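S.K.: Attaching a single structure in structure tokens format; questions to follow.
The values are calculated or read from the model by the stated rules, or taken from the named source; none is laboratory data. If you're wondering where the values come from, they're calculated on a predicted model, not measured in any experiment. Heads up, the Cβs are rebuilt from the backbone with ideal geometry, glycines too, and the neighbour counts pull from every protein chain shown.
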Amino acid sequence: MKRILTGLLLCGALYTQAQERKLELLWQTDSIIAVPEGVFYDVKNNTLFVSLINGAPWEADGKGGVAKLSLDGKKYDSMWITGLNAPKGIDVYGNRLYVADMGELVIVDIAKGQIEKKLAIEGAQGLNDVTVNSKGVVYVSDSRASKIWRVENDIAALYLDSMRGVNGLKAINDDLIIAAGRQFIKADAKKNITKIAELPQGGDGIEPIGDGSFIVTAWAGYIFHVQPDGRVNTLLDTHLEKRNTADIGYDPVKKIVYVPTFFAKTVAAYQLK
């Protein structure tokens with residue numbers, strides 16, 4: 001009986017902890033960010049990189065780019081990288097910044113502040129999110145073709161197929177966390193797929209927060225807290241305000257979530273509590 005009571009108390013404590021997670025707005029830029037889709041918090045350079053679509057979400061118009069934004073949201077360099085089309089997910093490994101841009105994986109030399117190369121992925125139809133694992137292997141989701149591509153030594157190969165609604169990706173050690181529509185799943189090194197949770201809305205940005213759980217966004221304007229046991233709590237709902245919540249960035253030390261609001265043209269910072 002004592003063990004049962006202890007277990008019930010522990011479960012109650014974990015449930016309470018999950019319910020207590022919340023987001024508190026710290027700051028928000030003016031509506032000057034040219035359709036931001038992705039934010040990456042770069043601890044090394046003490047800055048935020050923001051992918052700018054600056055036009056239609058799937059139009060190859062050459063208007064897109066990558067901006068730099070200060071951690072307080074006050075200094076904004078919209079012209080850091082230009083000449084892209086509709087860039088979306090971004091990630092950093094070493095001195096390289098990777099950007100998913102329609103049918104290309106764009107590689108930026110951060111130190112030089114210029115494009116190193118554009119890697120065309122044959123057969124890609126709509127590249128969306130990017131993640132890099134600890135070994136420098138890049139994974140790119142293709143939302144229009146329902147595929148995930150794997151890029152090693154700048155050579156792309158098909159990794160997973162028939163991933164309907166695939167969008168957000170996050171590499172954690174040898175695992176790949178995937179948001180495919182409402183399915184929030186994990187693929188291990190052998191491509192074995194297990195379900196983590198069912199999301200209320202199709203997932204977009206994914207960030208682990210260090211306790212086995214995740215912050216996950218849905219583009220329409222929702223941010224969720226996903227527990228390892230599959231429980232999902234809504235932390236933010238801005239869909240009625242038409243404020244999108246796209247591919248977030250995260251500072252794991254200060255526990256700050258950086259949110260690109262897409263058509264609302266702002267970036268907002270929230271304290272995770």
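S.K.: For a quick check of your reading of the model, give me the residue pairs whose first member lies in region 135-157 and is in contact (Cβ under 8 Å) with a residue 24 or more places away in the chain and more than 15 Å from Asp101 (Cβ to Cβ), whose second is buried (at least 16 other Cβ atoms within 10 Å of the Cβ) and acidic (Asp, Glu), with beta-carbon atoms closer than 9 Å and at least 6 apart or on different chains.
M.R.: These pairs meet every condition: Tyr139/Asp129; Ile148/Asp142.
S.K.: With the structure loaded, tell me whether Asp30 is more than 23 Å from Asp129 (Cβ to Cβ) and in a loop (DSSP other than H, G, I, E, B) or whether it fails that test.
M.R.: When the stated conditions are applied, Asp30 passes them.
S.K.: Inside region 54-84, can you point out the residues that are under 20 Å from Gly113 (Cβ atoms) and aliphatic (A, V, I, L, M)?
M.R.: Matches in region 54-84: Val66, Ala67, Leu69, Leu71, Met79, Ile81, Leu84.
S.K.: Tell me the residue from Ile148, Ile185, Ile223, Ile177 that is among the aliphatic types (A, V, I, L, M), at negative phi, out of contact with any Ser or Thr (no Cβ under 7 Å at 6 or more places or on another chain) and modelled with pLDDT of 95 or more, please.
M.R.: Ile177
S.K.: OK, next. Residues in region 106-131 that are more than 18 Å from Glu37 (Cα to Cα), β-branched (Val, Ile, Thr) and within 21 Å of the chain's Cα centre (by Cα): how many?
M.R.: Total satisfying the criteria: 2.
S.K.: Would you confirm whether any residue within region 77-96 is at pLDDT 95 or above, part of a loop (DSSP other than H, G, I, E, B) and crowded, with 20+ Cβ neighbours inside 10 Å? Walk me through it before giving the result.
M.R.: Within region 77-96, the first condition is being at pLDDT 95 or above, and the residues that meet it are 77-96.
Subsequent filtering for residues that are part of a loop (DSSP other than H, G, I, E, B) retains 85-86, 94-95.
Of the ones still in play, those that are also crowded, with 20+ Cβ neighbours inside 10 Å are 85-86.
Yes, that holds for at least one residue.
S.K.: Only residues in region 28-46 that are without any contact (Cβ under 8 Å) to a residue 40 or more places away in the chain count as the first member; pair them with residues that are among the β-branched types (Val, Ile, Thr), Cβ under 6 angstrom, at least 6 apart or cross-chain, and list the lot.
M.R.: none
S.K.: Could you look through region 242-259, keep only residues that are part of a loop (DSSP other than H, G, I, E, B), in contact with a Phe, Trp or Tyr (Cβ under 8 Å, 6 or more places away or on another chain) and not aliphatic (A, V, I, L, M), and pick out the one that is surrounded by the most Cβ atoms within 10 Å (Cβ to Cβ)?
M.R.: Among them, the one singled out is Thr245.
S.K.: Next question, about the same structure. Working carefully through the options Ala18, Ala56, find the one that is hydrophobic (A, V, I, L, M, F, W, C), over 16 Å from Gly249 (Cβ atoms) and at pLDDT below 95.
M.R.: Ala18
S.K.: Moving to a separate point now. Determine, yes or no, whether Lys135 is crowded, with 18+ Cβ neighbours inside 10 Å, among the basic types (Lys, Arg) and farther than 21 Å from Gly83 by Cα. Please lay out each step first, then the result.
M.R.: Details: crowded, with 18+ Cβ neighbours inside 10 Å: no; among the basic types (Lys, Arg): yes; farther than 21 Å from Gly83 by Cα: yes.
So Lys135 fails the test.
S.K.: Tell me, which residue of region 97-128 that is small (Gly, Ala, Ser) and modelled with pLDDT of 95 or more is surrounded by the fewest Cβ atoms within 10 Å (Cβ to Cβ)?
M.R.: Here the residue is Ala111.
S.K.: Going through Ile177, Ile215 one at a time, which residue ends up being over 16 Å from Gly38 (Cα atoms) and crowded, with 17+ Cβ neighbours inside 10 Å? If you could, list the steps in order and put the result at the bottom.
M.R.: On the way: Ile215 fails: over 16 Å from Gly38 (Cα atoms).
Only one candidate passes the filter, namely Ile177.
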